[in-house]
Every structure is written in structure tokens, then in C-alpha cells.
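The structure appears right after this line, and notes come after that.
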Amino acid sequence: MPPKPSPVENDEDIELEDEAVECEPCPEMRERHGTSKKLLPPADIGQEEAIKLVGQLLDERHFTLLLDETGTVGTPEGGPICTLLKNRIPKELLDRVRPVIRAAATQQVAGGNRVAAAGAGAGLRLRADGSMSKISGVPGLIELEDQDYWRLEPARDGTVGYNADTTRAGQKYPCRQSAWTAKARISQFSAMCELAATVSKAWRESILWVHHDIQMEKASKTHQDYVIETSKGITPFTTITCNKSWRTAAHIDSGDLKQGFGLLCCLG
């Protein structure tokens, strides 16, 4: 029997191409990735100058480029600094989570711990008897300057999910449910978990997907009692901070995974 013919006559004629074929993404894909518009600042002010902005309320004096539609701001080298994704949360879900967030954000910002975010400086806290304590924080309402008083008087915040272990005023606190989560109705917490999953999906589909995958891997190695999850699985988040009726000053969030990415939702 003659040998079966080879599909190629000469192996030396085989040429394997390993170069990637570049295809221009369609507009729908660029919108999903967050790259339908790209802004490239001419220079980077650097970390040292950026840190000087902490605690300040940023305005038009602090920027020259404005991103107000889906798109990405990149570094001079081309890496992403931030991405804006618009209209990614369904209206039906927004309508369900707004009242939940309002219920969760009940702590007064004035007199609280978020000094940089409040943008009103720091001061020693007053005890209930009127004496001065040794614990610093955001000044109380009666200690604020007029412009800060009117800005922070209605300001409230709160956390949904789980708080990391901390030491405050010499007292150690273990990982735990936030106070609101411990007493929330199942339907309320479920809505917030659904919000977290929706945001995670948009993040995973964006140009920042590498950071999503790193944070998801970290979440998978975290004790599952302290990770926000839905019936479909875990999300890359442990905590959702809810801000109501105030605009934060420039600040650096503590406890975030450095290899991840900070996410902010504006619900309107």
C-alpha cells in the first residue's frame, strides 16, 4: 500500500505567522472598553505634587482637560489613569439601590474620621462633657468655619459590607460586618450586592480589566465571610462606602489593594 500523502509537499515550505493581526475595534466595543474617547495630558505632575492636593476641594483651577463622556485619560506613556463609563447601571437597579444607600449613609461627616475627604482640616474631638480629647478627626459642626459648616452640615456617609481590622485610639477592632449591614433587611443588602456585581461586570469589560482580574484573584483568597457576593458568585469588593449630600475633597483611600483600581459610582 502506498504511503498516505502528506498535506504539504515540503515541510520547509511551512511558514507560521505569530504576529498579531491588529483590528480596529468597532464603536460599540470602544464604548464598552471605555476607549471611545482618549485624553492624553502632556505631562504628569508626579506623586509629590499630587499629594499636595490632598484635603483640597478641586475646581477648574486644577485641570486643563475635561472628560465628560465615556472615555479614558492616559499617561504620556499611554497607560490608563482613569476611565469614565456612562450609563452602565440599569435604571431599574438604580431606582432600587438609591433608597438603600440613603438608609446606609447616616453617619455625620463632621466630627468623623475622614479628615482628608471632608476637606475642613483636622482638630481634636470634644468629649460629651465639653472637654477636649486626644483623638483627632474632622472638626465638629460648632467648630467649623462658615463655608465648611454649610457644606458639611447635611453630609452623611456609611459603609455596606465588611470593615477591615483596625486599631483606633489604641483599641483593636477585628474584621467585621459594618453596623448597617448587621441590621439591614435581606432585600436591601441583596440590592447592594447586585450593584457590586453590575459594577464588577462593567469593570471586567473595560480597558482596566487587568486590575479587575488581580482584585478578583485577591478576593477569591479572602475569607468568604468578608467578601460581597451574589448567588452567582463573589465580587472583587469587600466594602462599599456610601456618600450622601456632599462632594469629597481630594484624598487617598486607605486599605485599597494597590494593584487594583478605585471605583466610584455617581447614581444621580
Item to check | Enumeration of residues in segment 147-189 that are over 22 Å from C266 (Cβ atoms) and among the small types (G, A, S) | outcome: A164, A169, G170, A179, A182, A184, S187
Checklist entry - Tally time: how many residues in segment 240-262 are more than 23 Å from A120 (Cα to Cα) and at pLDDT 95 or above? => result 1
Checklist outcome for this item: In segment 71-89, residues that are surrounded by 10 or more Cβ atoms within 10 Å (Cβ to Cβ) and of a type in the set (G, A, S) total 2
Next on the checklist: So V138 passes all but one of these: (1) over 30 Å from D225 (Cα atoms); (2) modelled with pLDDT under 95. Which condition number does it fail?
Outcome noted: (2)
Item to check | Flag for F261 being at negative phi and part of a loop (DSSP other than H, G, I, E, B) | outcome: yes
Checklist entry - Of all helices (runs of 4 or more DSSP H) completely enclosed by segment 28-119, which ones contain at least 1 residues that are outside the structural domain of S133 (by TED's automatic domain parsing) and over 27 Å from T181 (Cβ atoms)? => result 46-51
Next on the checklist: Looking at the structure I just gave you, is G112 modelled with pLDDT of 90 or more and buried (at least 18 other Cβ atoms within 10 Å of the Cβ)?
Outcome noted: yes
Checklist entry - Just wondering, is there one or more residues in segment 51-63 that are under 23 Å from I252 (Cα atoms) and touching a strand residue (DSSP E or B) at 6+ places or on another chain (Cβ under 9 Å)? => result no
Checklist entry - Under the condition of being crowded, with 18+ Cβ neighbours inside 10 Å and touching an Asp or Glu at 6+ places or on another chain (Cβ under 9 Å), which residue from segment 220-242 is farthest from V115 (Cα to Cα)? => result T235
Next on the checklist: Can you confirm whether R127 is without any contact (Cβ under 8 Å) to a residue 60 or more places away in the chain, among the basic types (K, R) and surrounded by fewer than 19 Cβ atoms within 10 Å (Cβ to Cβ)?
Outcome noted: yes
Item to check | Unmet requirement for T159, which otherwise passes all of (1) touching a strand residue (DSSP E or B) at 6+ places or on another chain (Cβ under 7 Å); (2) more than 28 Å from N87 (Cα to Cα) | outcome: (2)
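Results for (1) at pLDDT 90 or above; (2) surrounded by fewer than 10 Cβ atoms within 10 Å (Cβ to Cβ); (3) within 24 Å of R204 (Cβ to Cβ), shown as yes or no for each residue.
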| position | (1), (2), (3) |
| --- | --- |
| M1 | no, yes, no |
| P5 | no, yes, no |
| D11 | no, yes, no |
| E19 | no, yes, no |
| C23 | no, yes, yes |
| K37 | yes, no, yes |
| E49 | yes, yes, no |
| V54 | yes, no, no |
| E69 | yes, no, yes |
Checklist outcome for this item: Quick count over segment 222-249, residues being assigned to a loop (DSSP other than H, G, I, E, B), without any contact (Cβ under 8 Å) to a residue 40 or more places away in the chain and more than 12 Å from the chain's Cα centre (by Cα), is 3
Item to check | Top-ranked residue of segment 141-165 - restricted to ones that are without any contact (Cβ under 8 Å) to a residue 60 or more places away in the chain and surrounded by fewer than 14 Cβ atoms within 10 Å (Cβ to Cβ), ranked as nearest to the chain's Cα centre (by Cα) | outcome: D165
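The values are calculated or read from the model by the stated rules, or taken from the named source; none is laboratory data. What you are looking at is a predicted structure, and each value in this text was computed from that prediction instead of being measured. Counting neighbours? That spans all protein chains shown, and the Cβs are built from the backbone with ideal geometry, glycine included.
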